[in-house]
Every structure is written in C-alpha cells, then in structure tokens.
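Written out below as structure tokens is the structure these notes cover.
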There are 2 protein chains.
Amino acid sequence: MPPISPPKIKDVARIAGVSTATVSRTLSKPETVAETTRKAVLAAAEQTGYRVNLAARNLRNQRTGAVMVLVPNLGNPFFSQILAGIEQTLAQNQLSVVMVDTQQPNPRPEHVFDYLHHSRADGIICLDGTLPIEALPNGASARRRPLVFACEWQYNDAHPAVRVDNAQGAKLAIDHLVGLGHRDIGYINGPAGNVLSTARYGGTVDALRQHQLELRPQWVFDGDFSLDAGIQAARSWLALTHRPTALFCANDETAIGLISELHRNGIDVPGQVSVVGFDDIDIARCFIPALTTIRQPRQALGGAAAQLLLDTIAQPVGFMGGTTEVLPVELIQRHSSVAPV
Amino acid sequence: MPPISPPKIKDVARIAGVSTATVSRTLSKPETVAETTRKAVLAAAEQTGYRVNLAARNLRNQRTGAVMVLVPNLGNPFFSQILAGIEQTLAQNQLSVVMVDTQQPNPRPEHVFDYLHHSRADGIICLDGTLPIEALPNGASARRRPLVFACEWQYNDAHPAVRVDNAQGAKLAIDHLVGLGHRDIGYINGPAGNVLSTARYGGTVDALRQHQLELRPQWVFDGDFSLDAGIQAARSWLALTHRPTALFCANDETAIGLISELHRNGIDVPGQVSVVGFDDIDIARCFIPALTTIRQPRQALGGAAAQLLLDTIAQPVGFMGGTTEVLPVELIQRHSSVAPV
DNA sequence: ACCCTAGATGTAATCGATTACAAGGCTAAA
DNA sequence: TTTAGCCTTGTAATCGATTACATCTAGGGT
C-alpha cells in the first residue's frame, strides 16, 4: 500500500466548503465562527482524521511547544520522580518534554548552546548545576529561552531555581544524631564541586558547630552519590583507629552502600554505628535497617520547577528574575540511627 | 534591552554576499560550494551566531528530529536505565527524545493517537504493553510512524520489539531454587494483564513442571511490581499454615518489600525462606541480604530498542516488519537464597 | 428606502529553511 | 572562434498553518 499523505487543513477546507482561515479559526477560536460553519468544519475534520501539523504551527507561532530538561545522568533513579513531576505539570499545559543527558560521551561544548537555542524549546529546566551556561558566544544570552534550575543550581546566578533547603536538611540530621547522644559524627560527601555537596557539607559543619562539635577532617569521606562511594567510605571507616559513632551521608544511595559494606565486614548498623541518609528514596523505608533520612519532596520539586518555568514564560519578554523557591525538608526517623553504645 | 530577534539564514546570506540557497548548501553540503564562498559563509555564520531554525527545517524536510518514548510510569526508577540507553543512542543520531508518561491523570483516549501522529515524532518507542495502539480512527494506521516496543510488548502484534527472555529468566530462578533443594516454591506476580507478569508466571509454571513440581494456587500472590506488593505478599505468606520455603518475585522491588516485611515480623531471609528477584536493580547487590536475582541488561535494552527504531525508520517506506529481538538474562546468585533448612 | 455596523468569511502574506531548476561563467576540445 | 559541458550560484516554489486585513452580508435605525 502506498504511503497516504496525511490530511492537511486545505483538505478539510475543501470538504467543508470553506477557506483554510475558517478551518483554522474553528479549531482555535470556535466562538468566532458561525454555528453552521463550525459544524461543517468539525464534521470534515472528523471525517478526514485531521490533526494539525505541529512543525507548521510552531514555525508560524514562533514557539516549539516543548521544554527541554537537562539531566546530569538520566540513568540515575534519583531523578525519576523529579522528571515525573515535571512531565505531569507540563503535559497539563500542552507542553512536551525533551530529555537530554548532559553527560554525553562526546561532550562538544557548543552542545550547551544548542540546548538553549530558541528553536529547540520554549524553556529549559536544568538539573545540572555544573553546566557552563554562562559561556555562550556573542550575544547569545540575549536571545536565550527562559531557564530555571531544579534541585541543583549555580552560585551567583540570576536564574530562577527550585530546590530544597539542603543546609537545613543537614542540620536536621546532625541535630537528630546529637540528640541521640552522638558526639563523634562523620560525613560522607557528594561529588566535589557539586552545589548539593557544598550545601550539605556546609550545613553539617555549621550544625555541628552549634553543638560545640567539630567535623574532623579524617571523618569526612569523599564520595559521589553512588553506592560504591558508600562502600569505599565503609572501608575507610573500618581502617580508622578512632571511629565516629555516627555517619551522615550526602544521599541515600551512599548510605545504603555504606551499610551493606559494613554489614559484609561484620559491623552492625545501628548497633555499632548510626547512619543517616538524604533524599528518602523509595527503598529507604524497606532497607534493613530502615533508613533514617532527610526527605525531599522530589515529585513536588519537579512540579514546582515546571510551574516556575511556565510563570517565567508567561512573563513579559525580557523579564528573567532570579526567584529561588526553597522547599522544606523533613527528618524521617527510622531504624538506622540509635543512641551510641 | 529589547529582545533581539535571532539571525536568520537571510542575514547570513546578506553579510556573506550570497543567496540563502548558498548558505543552506554550505551548511548541509559543503562540498558543493566553492572554497572562497564557503569561507565567507562560515565566517558570516560565525559572526552572527547563526543557528538553523528547527521548526522551519522540520517543516520543509517533513521530519521532526524527535523520537517519542511512551513510559507507563516515569516515576518508577526501573525505567531510568532504559531511558538512558535510549537517549544515548538517539543523541548520537541527532535525534531528541520526547518523554511521555502514559498514565496521565486525565487519560483522553485520543491522546494515544496524538502520540503516534506523524508531526510529533519520527518514531515511537513504547514501554507500555497495555496502550491501545490498535484502536485508531479511520485509516490512521496507514500514516503512522514506525513504532517499536521495548521491555513490554503486545501479543499478536506486528511491531518490532526488544525484550528479554522473561520465561527463561523465570526458569533460571526456579532451576536455581530447585537446585538448592527447594520443592515448595511460591511466586509473587506482577500486575494482572501485564505481559511481563504473564510471561514470568508462565515461565515459572513451566519450569516447576519440568521438575515434576506444581505451583499451588495459594502460593501465588498478586502484586503490581511495587514495594507494597511485596509487603502484602509477606503478610499473606505469614498467614499460611503450610508455607513455601522459597519465593520467586516478579521483580526486585517486590522482593525487597517482601524481605523487609518478613524481617519486621522476625522472619529471616534466607534463613527461614529464600527469595529470588527479577531485574537486578542497582541496589540489589547492596541489599541485606544481597539479592539473588535475574539480571536484565536495561541500558543495553534501551539502546537496542533505539537502534531497532533507527533501522526501521531507515527502511523504505511502508516496511514495518515484526522483528522481535530477545536479549539474554542471567542469574545473579547472591545471599537471599540458600538451601532449605 | 437607505445607510451604517457588526459579524462572518475569504485572500494572501508570513514564519525560515530547503531544493528543483534555471542561468551564468569558465575551460577545453574542435 | 565556437560550443559542449561542468561547476557554481541564484530564483522562486514549497512545506502547512495562522492571522491581519479586505470584503461581503444581513439586520437595525431613521
């Protein structure tokens, strides 16, 4: 069978016996068209199975109907709920979601510019705080599309952002551990240079200081938010002569890797060391021991970012304020943290 | 500052002192243009920061440069690796990825048709085996875009698909448990009507039969791939008078929910009951006990689906064969399964 | 009966790129 | 010198929808 070309607005117009302008009006502003005409057009549209050609509409309307989401690592399950929140909010506004993994194996720097280009999307949600978005060629920034950060962000940056209160999360965790009686507390960090790492580390140091405690350098373990980072930290902890009695991890995956490796080496959590995570990923409540952690509302965060982008897009041109929306975090107390022996 | 309109091909042409046709040719087929001209055009393009307008190009070229991925639940972390595989392969082919969650709160049936519409995407990857893609209005199927299924699929369906050998996975799990000495084996199913549930259930029954064993109806627990399904199954198992000594779960999340709830009720895994999962999600290796499971290559599966779609798109029009690519699964033996007491 | 207005519809320009075809310039063979 | 033929470039149609503006019709007011 030959490939039948899809019906165009012209076909509908011909069948309905009107002009293309009338068809277009019927579909977008039905109230401006006479009752009889409207019925005829809708019938013709129905009969032909007409659907508007988006490329043509977008070209004419100078928009794309799409939002680009820049994800530092699509394969990381942490992002799935955020993406779901973004998608849901945008779909309700007839916008489609284009996902891009910013950690491509072939990182051409001009890619970044392509992402932000006006003909690609009506706006951008960036989950990657390390993307060099300021280094754009000649005057490109003036014709950039609205961009909001979600989750991560950039310092000294004028872009709107939605994030959780990471320092407050760290404080909740530390207060909790100190409240249980811990005084020797270690910290497993996220990737160096990551804003979340920095904020959570800073919050940890500050919170400890408020309790007249100090974060000893040898009790700070490098990490990268992965399970393996937790495993590595466990080995470092085991090698210490003077061990902290509690460990706060920059995220749940690290906490889980940590606990599993400690368990493999005969160390019981929380019996011999308490552990607190960050994120409250789904599995945290079913881990053994159930993980004490700082919950961040991931889906809501995605939804808020999408809404903020929609608001920014709706603003008069040129406006690009730096609203930062900070969502609250919550301590979820479970079984991986108890009073020290 | 006023919004500067972005440079168009006309502007580049004017600055380079050539026609728009020459600019277009320089950019897409440089070898057809004289050396001198090429340099002038490239310089002008560089100077203005010209980027092609994709809506215009797509309209003219009758393509969209995008692939639509239909995900049954974007928030489910299981899909993240598959999505990463898809994105990576497509990005290498200059295609962008539009993600759609098929479980919208407002499920208009004509949405399905919109997804498949030619002006939305050059092709579709569907991870949702339950989408009613065959129920399309008048002749729509003739002008549909290539579609491949990944992970899930539809029975009696002519679409290409990439999946793992689910029945073989079930067989590996059952053979493993029987090899350990188990004879009383239960199964926790996925959602009713889901092709994966059906295939894994069927594989389980067949494998048991090969060992002259039977899957007792009261040892089959309903589920839906969630942690809570595992928790529910644990309660059902606890309520049994005659309990199976091993449980095979339709996926890892269910297995983790199951083990956590058993643990909460003082039942040790694998001491009192062995558990095998399916998927080998990241955390499986760090769960306590480390989960014995059936690994499916999720990223590779996504990549293969994307490649299969690319191949289908490249085929002469009209061709839409039903190649089904089946990837192998692998038993990953860890610590949640041991010989019965 | 006549004019004016509001409402309905059609005409044609427009969005920005691509490309079939035409046309010009130049080389080389006759 | 002429002409065929190649290489390069320009002209203008095209993709499909939207919409400013022009046009036409019907009805109301005087």
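Consider only pairs whose beta carbons are under 8 Å apart and that are at least six residues apart or on different chains; among these, list those whose first residue lies in the stretch B:25-46 and is more than 19 Å from B:LYS8 (Cβ to Cβ) and whose second residue is surrounded by fewer than 18 Cβ atoms within 10 Å (Cβ to Cβ) and at pLDDT below 95.
B:ARG38/B:PRO30
Residue-by-condition table, conditions (1) assigned by TED's automatic domain parsing to the domain that holds B:THR89; (2) more than 13 Å from DNA strand D (Cβ to nearest atom); (3) small (Gly, Ala, Ser):
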residue	(1), (2), (3)
B:ALA16	no, no, yes
B:THR26	no, no, no
B:GLU31	no, no, no
B:THR36	no, no, no
B:ALA44	no, no, yes
B:GLN47	no, yes, no
B:ASN58	no, no, no
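Name the residues in the stretch B:47-64 that are without any contact (Cβ under 8 Å) to a residue 12 or more places away in the chain and either within 9 Å of B:VAL12 (Cα to Cα) or among the hydrophobic types (A, V, I, L, M, F, W, C) (or both), would you?
Correct list: B:LEU54, B:ALA55, B:ALA56, B:LEU59.
Picking from A:LEU131, A:LEU208, A:LEU196, A:LEU227, which residue would you name as being within 14 Å of another protein chain (Cβ to nearest Cβ) and out of contact with any strand residue (DSSP E or B) (no Cβ under 6 Å at 6 or more places or on another chain)?
A:LEU227
Kindly evaluate B:GLN272 against the criterion of being surrounded by 22 or more Cβ atoms within 10 Å (Cβ to Cβ), away from chain A (no Cβ under 12 Å) and of a type outside the set (Asp, Glu).
Spelling it out, it is not the case that B:GLN272 is surrounded by 22 or more Cβ atoms within 10 Å (Cβ to Cβ), away from chain A (no Cβ under 12 Å) and of a type outside the set (Asp, Glu).
Do you know which of the residues in the stretch A:96-114 that are closer than 14 Å to A:LEU74 by Cβ and either more than 10 Å from chain B (Cβ to nearest Cβ) or part of a loop (DSSP other than H, G, I, E, B) (or both) is modelled with the highest pLDDT?
In this case the residue turns out to be A:THR102.
Just need a number here: residues in the stretch A:240-292 that are among the small types (Gly, Ala, Ser), more than 22 Å from the chain's Cα centre (by Cα) and within 24 Å of A:GLU330 (Cβ to Cβ).
Residues meeting the conditions: 4.
Please work out which one of (1) more than 16 Å from DNA strand D (Cβ to nearest atom); (2) more than 24 Å from B:ARG298 (Cβ to Cβ); (3) surrounded by fewer than 18 Cβ atoms within 10 Å (Cβ to Cβ) is the condition A:TYR115 fails and give its number.
The one condition A:TYR115 does not meet is (3).
When the residues of the stretch A:137-158 are narrowed to those that are of a type in the set (A, V, I, L, M, F, W, C) and closer than 26 Å to A:ALA199 by Cβ, which ends up modelled with the lowest pLDDT?
Looking at the filtered set, the residue picked out is A:ALA158.
Restricting attention to the stretch B:1-26, which residues are of a type in the set (A, V, I, L, M), within 14 Å of chain A (Cβ to nearest Cβ) and within 23 Å of A:GLN62 (Cα to Cα)?
Answer for the stretch B:1-26, where residues must be of a type in the set (A, V, I, L, M), within 14 Å of chain A (Cβ to nearest Cβ) and within 23 Å of A:GLN62 (Cα to Cα): B:MET1, B:ILE4, B:ILE9, B:VAL12.
Got a number for residues in the stretch A:80-95 being crowded, with 21+ Cβ neighbours inside 10 Å and facing chain B (nearest Cβ under 7 Å)?
5
Given the residues B:LEU291, B:LEU262, which is the only one that is touching a helix residue (DSSP H, G or I) at 6+ places or on another chain (Cβ under 8 Å), farther than 24 Å from B:LYS171 by Cα and either surrounded by 15 or more Cβ atoms within 10 Å (Cβ to Cβ) or at pLDDT below 95 (or both)?
Answer to the check: B:LEU262.
For residues in the stretch A:16-32 being within 7 Å of DNA strand C (Cβ to nearest atom) and loosely packed, with under 13 Cβ neighbours inside 10 Å, which is modelled with the lowest pLDDT?
Residue satisfying both the conditions and the ranking: A:THR32.
Hey, can you tell me all the residues within the stretch A:310-341 that are at pLDDT 95 or above, surrounded by 15 or more Cβ atoms within 10 Å (Cβ to Cβ) and in contact with a Gly (Cβ under 6 Å, 6 or more places away or on another chain)?
A:VAL329, A:PRO340
The values are calculated or read from the model by the stated rules, or taken from the named source; none is laboratory data. The structure presented is a predicted model; accordingly, all values stated were derived computationally and were not measured. All Cβ positions, glycine included, derive from the backbone under ideal geometry; neighbour counts span all protein chains shown.
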